[in-house]
1. For region 182-266, what value does the Rg/Rh ratio take when both radii are computed over Cα atoms and Rh is the Kirkwood radius, given to two decimals?
2. Please identify the trypsin sites (Lys or Arg not before Pro) of region 211-261 that satisfy two criteria: DSSP loop assignment and at most 16 other Cβ atoms within 10 Å. Which are they?
3. What's log10 of I(q)/I(0) for region 17-265 at q = 0.13, 0.14 Å⁻¹, Debye sum over Cα points only, no solvent?
4. Starting from 0.36 nm per residue, how many nanometres of slack lie between ALA49 and THR159 once their C-alpha separation is accounted for?
5. Test of understanding: express the Cα radius of gyration of region 41-95 as a ratio to 2.2 N^0.38 Å, with N the residue count.
6. Which of the aspartates and glutamates could be linked to LYS95 by a straight reach, that is with a Cα gap under 16 Å, when you skip same-chain ones fewer than 8 residues away?
7. Is region 198-242 best put as rounded, prolate or oblate by its Cα gyration tensor, with a ≥ b ≥ c the root eigenvalues, rounded for a/c under 1.5, and otherwise prolate when a/b is larger than b/c, oblate when not?
8. Which whole-Hz couplings ³J(HN,Hα) result when phi for each residue of region 56-72 is put into the Karplus expression 6.51 cos²θ - 1.76 cosθ + 1.60, θ = phi - 60°, listed in order with x for Gly and Pro?
Amino acid sequence: MMWNANKRGLGVAAVVATALLAGCGSSGSGTAASSVDTTTASAGPSPSALAPINGKYAPSIDPANFVSRIDNPYFALLPGTGFHYAGVAEDGTTKQIDNEFVTRKSKRIMGVRATVIRDTVSQHGHPVERTFDWYAQDRWGNVWYMGEGTSELHHGHFTKASDSWVGGSGGAQPGIIMPGHPARGQHYRQEYYPGHAMDQARILGAGGPITVPNGSYRRTLMTDETAPTIDPGVHEHKLYVKGVGDVKEQTVTGNHEEIHLVSVTH
């Protein structure tokens, strides 16, 4: 479930400069900027209601409910920011790097202006997967995953991946990547493309302290991601730091994928 932009998170996030100064860096002092809010959401509809995992899935996407800036503190996307990850693939030994860049481009999906993220996964110094991810934020702070266009390397050539999708096209629908007010127990769809991309997530709550190459942090937010109809038995845990974003992803059952945030560039 990793190494294919988003879904696995993509795990890209950046916040305005002041928040980055408060939450990033090798010292990672665990200031207020890296605290975790796992209380009941206080504003807007629950993400569990907006992007339910059960029943017929047809989320209401009203362009009037979306804003131009993605500034969710756990998943902010500031144009010009780069996120650089390193880790291992499913076999637990093949080293990979993942470089994600928040472009200044946008794509109109279901009437919503979505920010374009460019994601390149490499092995042995050569790209093996290239993806464009599309995200948008609603007025309640929820970051929606609007689609992805992925190309994978096969026999020396990049070809379109079968799990590429665009919200509102071919039966695909957008989902929520990060709630505006994450609270323990929230369960929501992240993407919906039957037979190809069916990720969902649950907020587990506080994930405890962590040290990654990008820094040390006292407080994290943990999510559990699954795709029961696509990858049964696979669970991936992700750790987010407020003011930084996705700092670690690790598959805890099903395979041995793992990545860590190495650096953030501007």
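Any read-out appearing in this document is the output of simple, stated calculations on the displayed coordinates, not a laboratory observation. Being a predicted model, the structure only gives us computed values, none of them experimental. Positions of Cβ are generated from backbone atoms using ideal geometry, with glycine treated the same way; all protein chains shown enter the neighbour counts.
1. 0.99
2. Within region 211-261, the qualifying trypsin sites (Lys or Arg not before Pro) (loop, at most 16 other Cβ atoms within 10 Å) are ARG218.
3. -0.81, -0.96
4. Full-extension gain reported as 36.0 nm.
5. Rounded to two decimals, the normalised Rg is 1.72.
6. Partners found: GLU129, GLU249, GLU257, GLU258.
7. prolate
8. Residue by residue, region 56-72 yields 4, 9, 8, x, 7, 10, 10, x, 5, 8, 10, 10, 7, 10, 9, 10, 3 Hz.
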